[in-house]
Amino acid sequence: MVIGTCEVKLMIFESNSLKDKRHIIKSIIGKIQSRFNVSIAEVGLNDSWKTSIIGFAFVTNDSAHANEVISKVINFIDGDNRVEILDYNMEIL
């Protein structure tokens, strides 16, 4: 059993309040959940309206597959013009 995890720090461009931030983050999280079937949540910087940290994890049987899924999710987030990836930390256990 292989567990892939990743924590992504985001800068949110179109956010002027916590309500705007929640709307954008919930939209991104929902799309990622349905497209990639990973467990995902906002895990940090909850009170900041311009930045957020989201984390996602999943279980697979191959470390190459874990690396591929993490890369696809990061590329998906990077393709969203509402946010910019400031940093990410991936781990395969």
| Pairs with Cβ under 9 Å, 6+ apart, first in the range 64-76 and modelled with pLDDT of 90 or more and exposed (fewer than 15 other Cβ atoms within 10 Å of the Cβ), second assigned to a helix (DSSP H, G or I) and not polar (S, T, N, Q) | K72/R35; K72/F36; F76/I28; F76/K31; F76/I32; F76/R35; F76/F36
| query | Can K26 be described as surrounded by 12 or more Cβ atoms within 10 Å (Cβ to Cβ), farther than 16 Å from E91 by Cα and modelled with pLDDT of 90 or more? | reply | no
| note | Within the range 2-18, the residues that are more than 14 Å from R82 (Cβ to Cβ) and modelled with pLDDT under 90 are S17, L18
| field | Verdict on F13 being within 17 Å of M90 (Cα to Cα), in contact with a Lys or Arg (Cβ under 8 Å, 6 or more places away or on another chain) and not β-branched (V, I, T) | value | no
| request: Note down all Cβ pairs under 8 Å where the first residue falls in the range 15-30 and is in contact (Cβ under 8 Å) with a residue 12 or more places away in the chain, the second is in a helix (DSSP H, G or I), and they're at least six residues apart or on different chains. | output: S15/K21; S15/I24; I28/I77
| message | Looking at S39 and the list (1) in contact with an Asp or Glu (Cβ under 8 Å, 6 or more places away or on another chain); (2) exposed (fewer than 13 other Cβ atoms within 10 Å of the Cβ); (3) of a type outside the set (A, V, I, L, M), which single condition is not satisfied? | response | (1)
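The values are calculated or read from the model by the stated rules, or taken from the named source; none is laboratory data. Just so it is clear, the structure is predicted and the values come from calculations on it, not from any experiment. Here the Cβ is made from the backbone with ideal geometry for all residues, glycine too, and neighbour counts use every protein chain on show.
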